[in-house]
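One structure is given below, encoded as structure tokens.
Taken together, the values in this text are just the output of simple stated rules run on the coordinates, not laboratory data. Because the structure is predicted, anything quoted here is derived from the model rather than measured. Heads up, the Cβs are rebuilt from the backbone with ideal geometry, glycines too, and the neighbour counts pull from every protein chain shown.
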Amino acid sequence: MPHEPALLVLDAHGADPDAEIRALHSLGPAARVDVLGVTAWAVSEPDLLRELLTSPDVSKDARQHWPRFEEVGGTWPLALWITVRNMFTAYGSEHRRLRRLVAPAFTARRVAALAGHIEAVVTGLLDDLAATAPGEPVDLRERFAYPLPIQVISHLMGLPPNQREGFRDVVDGVFATTLTPEESAANTARLYTVLDRLIAAKRAEPGEDMTSLLIAARDEEGKESALSDDELRDTLLLVITAGYETTVNLIDQAVAALLTHPEQLAHVRAGRAGWADVVEETLRLKPAVKHLPLRFAVRDIPLPDGQVIPAGEAILASYAAANRHPGRYGDRAASFDLTRTALGPEHLAFGHGVHYCLGASLARLEAGTALRALFARFPEAELALAAEELEPVPSLLTYGHKRLPVRLRPAV
């Protein structure tokens, strides 16, 4: 009988992601893993992952290409990740149609036009932080990394201020991997309630925001490519959730990395590295999304080590492991190093190929603006606890901290 590959159970709480990454590397370019009860092939070798992310033999449409969809779709805690109807789960021509409707909101011109708004939000947040007494710790995740993306994505989507209450909690629930199926379903219902209220508000009073533009495309009769009602809601869900939680984690991780590696911050201050380098190295080392569920083999896929991913089986893009692969980054792959020669967007933090994140340039702009302004305003900032005391967000998907306590100024 053929040897059954080992099955690695991914930790729902994400308590030790570094150990998990090492375990994935030890199991070869692709390893069978348990994702909250679902078996998938976690791909951690970067060249193989790039190949699969661009291959027509791999789909994101669970309805078409995953035999377990009906069985799992209603009970899996991450069911929302495979049941939504938007470009995230679309395949082939359907993906091209849906992406074409959203892409105009993220052109270089439109993102650049947000720079002034982002600067203003960052300045306001830093003004609030400046009132903190010297030596008093402040949670920068709560007070800085969270509110910036929320305000930016609310501005982009036209989310009225009176509808932002509770917005954060339901988005956090999308990335939570410690919820029961019942809790996850309840969170999804609350999220759709928020989206339905937003759609109703924008139908009543449309503006120049992305929500209004998508509604106009939906309501334009006779347009073959128009969104269905489900596609409209799920497209808004995708843009809001992807544009918020991931940027929170990027800012959080970048601040933590600089404060725990003062020699790297010194490179920036001396001009040997730039803020863009900080953003890219943070994305490489600790991408906002560690593992992205799910993709599916359309037909049997032979692997370099002789294994085969059978048609119909699930595939997990393990971005964090690919971004630290020693075959690509050498024996210092797990180090935060702004001077490494392999900097730049060659990492996989935003995906690759047709599903490459449309909001990547916006996330980079937000993070770069936030970091530059934060360290200019508070050059003596320091962590208020030891680095090993920082607790990870309890999720196998995301890469952030529960809290990021920082002293912005030394005690008098």
- Message: Tell me the mean residue ellipticity at 222 nm calculated for the chain from its helices only (DSSP H runs of n ≥ 4, each -39500 (n - 2.57), averaged over every residue, nearest 500).
- Response: -13500 deg cm²/dmol
- Message: Cut-off 10 angstrom, C-alpha nodes, Gaussian network model of the chain. Which of 306, 243, 74 fluctuates the most?
- Response: 306
- Query: Using the Karplus equation 6.51 cos²θ - 1.76 cosθ + 1.60 (θ = phi - 60°), what ³J(HN,Hα) coupling, rounded to whole Hz, does each residue of the range 385-391 give in order, writing x for Gly and Pro?
  - Reply: 8, 5, 4, 6, 8, 5, 9
- Per residue of the range 296-309, in order, report the coupling 6.51 cos²θ - 1.76 cosθ + 1.60 (Karplus, θ = phi - 60°) as ³J(HN,Hα) in whole Hz, putting x for Gly and Pro. 9, 6, 6, 8, 4, 10, x, 9, x, 8, x, 6, 9, 8
- Hydropathy first: keep DSSP H helices in the chain averaging at least 0.5 on Kyte-Doolittle, then drop any whose Cα extent along the axis falls short of 24 Å, and list what survives. 360-377
- Count the lysine pairs in the range 7-407 whose Cα atoms sit under 25 Å apart, keeping only pairs 8 or more residues apart in sequence or on different chains. 5
- Note on the structure: Which residues qualify? For residue 301, with a placed amide H closer than 5 Å and at least 5 residues away or on another chain, they are 309, 311
- Item | Exposed-loop-free span, longest in the chain, where trypsin sites (Lys or Arg not before Pro) count as exposed if DSSP calls them loop and at most 13 other C-beta atoms lie within 10 Å | 1-163
- Would you mind ranking 355, 117 by Cβ crowding within 10 Å, fewest neighbours first? 117, 355
- Query: Amide H to amide H, which residues 5 or more places from residue 35 or on other chains are under 5 Å from it, using H placed in the peptide plane?
  - Reply: 40
- Query: Taking only C-alpha pairs under 8 Å that are 6+ residues apart, what is the relative contact order of the chain in percent?
  - Reply: 27 percent
